[in-house]
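Each remark here refers to the structure printed beneath this line.
The values are calculated or read from the model by the stated rules, or taken from the named source; none is laboratory data. No experiment lies behind these values; they were computed from the predicted model shown. What goes into the accessible areas is simple: the full protein's heavy atoms, side chains included, and nothing from ligands, DNA or RNA. Shrake-Rupley method; radii C 1.70, N 1.55, O 1.52, S 1.80 Å.
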Amino acid sequence: VIQMFPIYACNFRCNYCVFSSDKEKRGFISDKITMDFGLFCKCMDEIAEFPAKLKVLRFVGMGEPLLHPRIADMVAYAAGKNLTERLEILTNASLLTPAMSDSLIKAGLSRLLVSLQGTTAEKYLSVCGAKIDYDEFRSNLRYFFEHKGQSQLHIKIIDYALDDQEDEKRFYELFGDICDTIGIEHAGPIFPYVDYDEVLKDRDTSVTQFG
């Protein structure tokens, strides 16, 4: 597995994430926010020379991959190199539109992994400080699922963003029929400079599981 960070930026400020901390404390390995497309192509050209295919090439963070203006071009370039068995994007999907879905599917994306931050717009505002139109957000995910072709859609939510068992049930009811796989992820202390004792109080942080 190789994970590519196409951008060091995010449109969310989730309470449990490094982006909730001060910028100067994040310790990113690059001062450059957006990866140059030429550099990305160079990386893919060199990966293509490996003696065997990758299992997975995943576009992920520190940041929100869909913020990169050429993310679909990146997917298409990697897909054209035939260098991996699976080509994935991990995203909060807030920027996913029908047009973006069409471009990613056409580019050859194997799997879209979507991390939810709540089952209501109010919860999103509380968890990550983002104002979203929840009905539109869900509609955009449904569009991807209904037009995905050979692509797959995985939807997950972190337990931190669920209030109780009724909220968990609501999550499955809202999204269970518009994805290929679905699950709940357990939050754990990952990033420095985040006060997890406060953020994750009363949470079980001993394991991380996928449904």
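If I compute solvent accessible area with a 1.4 Å probe over the protein chains, what percent of it on region 71-171 is carbon and sulfur?
Values: 2000 of 4460 Å².
About 45 percent, which is the carbon plus sulfur part of the accessible surface.
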**P(r) histogram, all alpha-carbon pairs of region 85-190 included - 5 Å bins from 0, percent** = 2, 12, 24, 25, 18, 12, 6, 1
